[in-house]
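Colleague: Pasting in a structure now, in structure tokens, and then I'll have a few things to ask.
Here, each number is a calculation from the coordinates, and none is a lab measurement. Just so it is clear, the structure is predicted and the values come from calculations on it, not from any experiment. Heads up, the Cβs are rebuilt from the backbone with ideal geometry, glycines too, and the neighbour counts pull from every protein chain shown.
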Amino acid sequence: MTLPDGLRLRRAHPQDLDDVMWLEHTSFPTDAWSRSQMSGELYSPHGYYVVVETTDVGAPTIVGYAGLSSLAGNPVADVQTIAVAAEQRGKGVGRELFTELLDEARRRGVHEVFLEVRADNPVAQAMYTAFGFERIAVRPRYYQPDGVDAWVMRASLEPADTSAAGRPGPIGQEALDEHD
Ligand SMILES: CC(C)(COP(=O)(O)OP(=O)(O)OC[C@H]1O[C@@H](n2cnc3c(N)ncnc32)[C@H](O)[C@@H]1OP(=O)(O)O)[C@@H](O)C(=O)NCCC(=O)NCCS
């Protein structure tokens, strides 16, 4: 799996907040996270956020982001969010972002991943199902102010390479190095 030409995936930085918030508001017009919520996510030591940006010299633009959260040593992780700019959808960007989250979960030794998705979002549901997620519960009127149900979905993860479990991946290591 690869991204379309002109796009690359990297770990998110707190400095990406403005771009991510712009995409957050256009992707989730009625229930976007607040700036402080998103900032907390980007700074969280338990989080793993990645972005896809254009490779245009001088003016890279973020066209997608996704985040995972898991406590150290916990075999359970949550997919926090994922969004792709409308004009870039249907080209495999979401699949790349989601694959990277699940790869990071495996590297962290996670065995089980949960997420929530709006009941009226068949596109995202189709993607999660294609990755092996199954609906395990419904939370009535979870999304406000729309009053739309949430599907809780779950997948088991098989460790792809047990020798890598618990170690940061190439993208994670790059960001950790910056903070050494
Ligand atoms: C959900 C979302 C992230 C998918 O991103 P994307 O880049 O368009 O997805 P991709 O092109 O990588 O496709 C991945 C899978 O999603 C599903 N999918 C994508 N577009 C679809 C469509 N129009 N209809 C049905 N399924 C679709 C397919 O399962 C697809 O896999 P396939 O290509 O092997 O069939 C994107 O639609 C989005 O940002 N939506 C708005 C925000 C949102 O709803 N986020 C999810 C919150 S829970």
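Colleague: Among the residues of region 79-91, are any crowded, with 17+ Cβ neighbours inside 10 Å and part of a loop (DSSP other than H, G, I, E, B)? Explain how you work it out, then say what you get.
Modeller: Step one: of region 79-91, the residues crowded, with 17+ Cβ neighbours inside 10 Å are 79-85, 88.
With part of a loop (DSSP other than H, G, I, E, B) added as a condition, the list becomes 85.
The answer is yes, given that some residue of region 79-91 is crowded, with 17+ Cβ neighbours inside 10 Å and part of a loop (DSSP other than H, G, I, E, B).
Colleague: Something else now. Being more than 13 Å from Leu23 (Cβ to Cβ) and either hydroxyl-bearing (Ser, Thr, Tyr) or exposed (fewer than 15 other Cβ atoms within 10 Å of the Cβ) (or both) is the filter here, so list the residues in region 61-73 that pass it. Lay out the reasoning, then the answer.
Modeller: Taking region 61-73 and keeping what is more than 13 Å from Leu23 (Cβ to Cβ), we get 68-73.
Hits for region 61-73 are Ser69, Ser70, Leu71, Ala72, Gly73.
Colleague: Here is a list: Glu116, Glu104, Glu112, Glu87. Which entry is under 22 Å from Asp18 (Cβ atoms) and either more than 8 Å from the ligand (Cβ to nearest atom) or touching a strand residue (DSSP E or B) at 6+ places or on another chain (Cβ under 8 Å) (or both)?
Modeller: Values: Glu116 fails: under 22 Å from Asp18 (Cβ atoms); Glu104 fails: under 22 Å from Asp18 (Cβ atoms); Glu112 fails: under 22 Å from Asp18 (Cβ atoms).
That would be Glu87, the only listed residue that is under 22 Å from Asp18 (Cβ atoms) and either more than 8 Å from the ligand (Cβ to nearest atom) or touching a strand residue (DSSP E or B) at 6+ places or on another chain (Cβ under 8 Å) (or both).
Colleague: Do we find that Val50 is more than 8 Å from the ligand (Cβ to nearest atom) and either closer than 26 Å to Asp149 by Cβ or buried (at least 17 other Cβ atoms within 10 Å of the Cβ) (or both) in this structure? Please lay out each step first, then the result.
Modeller: Numbers: more than 8 Å from the ligand (Cβ to nearest atom): yes; either closer than 26 Å to Asp149 by Cβ or buried (at least 17 other Cβ atoms within 10 Å of the Cβ) (or both): yes.
Judged against the criteria, Val50 is a match.
Colleague: Here's another thing I want to ask about it. Does region 125-148 hold any residues that are closer than 16 Å to Phe28 by Cβ and of a type outside the set (A, V, I, L, M, F, W, C), and which are they?
Modeller: Gln125, Tyr142, Tyr143, Gln144, Pro145, Asp146, Gly147 - these are the residues of region 125-148 that are closer than 16 Å to Phe28 by Cβ and of a type outside the set (A, V, I, L, M, F, W, C).
Colleague: Another one. Taking Asp103, is it touching a residue at least 12 places away in the same chain (Cβ under 8 Å), among the acidic types (Asp, Glu), more than 21 Å from Ser156 (Cα to Cα) and not in a strand (DSSP E or B)?
Modeller: no
Colleague: Still on this structure, I have one more. Looking at the structure I just gave you, is Tyr43 without any contact (Cβ under 8 Å) to a residue 60 or more places away in the chain and either on the phi < 0 side of the Ramachandran plot or within 14 Å of the ligand (Cβ to nearest atom) (or both)? I'd like the intermediate steps shown before the answer.
Modeller: On the way: without any contact (Cβ under 8 Å) to a residue 60 or more places away in the chain: yes; either on the phi < 0 side of the Ramachandran plot or within 14 Å of the ligand (Cβ to nearest atom) (or both): yes.
Yes.
Colleague: Is it the case that some residue within region 29-41 is more than 23 Å from Phe131 (Cα to Cα), of a type in the set (A, V, I, L, M) and in contact with a helix residue (DSSP H, G or I) (Cβ under 8 Å, 6 or more places away or on another chain)? Let's see the steps before the verdict.
Modeller: Step one: list which residues in region 29-41 are more than 23 Å from Phe131 (Cα to Cα), which gives 29-41.
Now narrow it down to the ones that are of a type in the set (A, V, I, L, M): 32, 38.
Add one more test, that the residue is in contact with a helix residue (DSSP H, G or I) (Cβ under 8 Å, 6 or more places away or on another chain), and what stays is 32, 38.
The answer is yes, given that some residue of region 29-41 is more than 23 Å from Phe131 (Cα to Cα), of a type in the set (A, V, I, L, M) and in contact with a helix residue (DSSP H, G or I) (Cβ under 8 Å, 6 or more places away or on another chain).
Colleague: What are the residues in region 1-47 that are in contact with a strand residue (DSSP E or B) (Cβ under 8 Å, 6 or more places away or on another chain), closer than 25 Å to Gly147 by Cβ and hydrophobic (A, V, I, L, M, F, W, C), if any?
Modeller: Within region 1-47, Leu23, Phe28, Trp33 qualify.
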